[in-house]
Amino acid sequence: MDDDAVMAVFQENVGSLLDEFDVPPPSFRSMQGAFLSIDPDAGVLQTRFPILPGQLNPYGAMQGGMIAAAIDNTIGPLSMLYDPPNVTRRMEIKYSKPVTSEMKQIFVEARLLERKGSWIHFRADVRSAEGTLLARCFSKHWVLGPSRDEG
């Protein structure tokens, strides 16, 4: 699957609402992110982000905030399939291993955990190309306006 195929899934699932929003967001594009796959029925979106020189901390590892941005740039688009518009209310990230420039890229898989009223819960895993878990995030999104479940 490529970016165009993923965008077609967004168009199919979100319809005319997609015209109101900038998907993928400018921050996704500036980080040179790529959509890899999407499964709206399973609630899963996979992305890839290169590790860019401007994202490194003084130790040569990807800045934690840039990893958080990659996560948010994966969960955010996935969240649009369920209740747009919504915003990140809380993200809790546990970093497990440094993301070094030698890794070249990271892979993020976001997964819908639960929709309940005005809240949507997600989990995201950040992995290396070899599959090593680098970070895990739990995110809570707040639906702005009535939830699709509420009518």
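Readers should treat all values here as calculations from the given coordinates under stated rules, not as data from a laboratory. Please read all numbers here as calculations on a predicted model, not as lab measurements. Neighbour counts are summed over all protein chains in view; Cβ atoms, including those assigned to glycine, are modelled from backbone coordinates with ideal geometry.
Angle of helix 64-80 to the longest C-alpha principal axis of the chain, folded into 0 to 90 degrees and rounded to 10: 20°. Taking a cut-off of 26 Å between Cα atoms, list the lysines near LYS104, but don't count ones fewer than 8 places away on the same chain. Answer for LYS104, where 26 Å is the Cα cut-off: LYS94, listed by chain and number.
Between SER16, SER79, SER139, the residue with the greatest mean-square fluctuation in the GNM of the chain (Cα pairs under 10 Å linked by springs) is SER16. Shown here for segment 102-146: trypsin sites (Lys or Arg not before Pro) in loop regions (DSSP other than H, G, I, E, B) with at most 11 other Cβ atoms within 10 Å, namely LYS104. At the listed q of 0.12, 0.13, 0.14 Å⁻¹, the Debye profile of the chain, built from one uniform point per Cα, gives log10 I(q)/I(0) equal to -0.48, -0.56, -0.64. Amide H to amide H distances under 5 Å link ALA135 with SER96, VAL126, where only residues 5 or more positions off or on other chains count and H is placed in the peptide plane. Computed from Cα positions, the angle between helix 3-14 and the longest principal axis of the chain comes to roughly 30 degrees.
From helices alone, the chain scores -7000 deg cm²/dmol at 222 nm; the rule is -39500 (n - 2.57) for each run of n ≥ 4 DSSP H residues, then divide by the residue total. Derived scalar couplings between HN and Hα for segment 121-130 equal 10, 10, 10, 9, 10, 10, 10, 7, 4, 7 Hz in order, rounded to whole Hz, by the Karplus curve 6.51 cos²θ - 1.76 cosθ + 1.60 (θ = phi - 60°), x for Gly and Pro. For segment 54-151, GluC sites (Glu not before Pro) are listed when DSSP marks them as loop and at most 11 other Cβ atoms sit within 10 Å of their Cβ; the list is GLU130. Strictly greater than 17 Å: what percent of every Cα pair in segment 29-106 meets that? That fraction is 50 percent. Modelled spin-label separation between MET91 and GLU20, with each label point placed 7 Å from Cα along the Cα-to-Cβ direction: 2.3 nm. Other residues lying with their Cβ under 14 Å from the Cβ of MET91 contribute a combined charge of +3, Lys and Arg counting +1, Asp and Glu -1.
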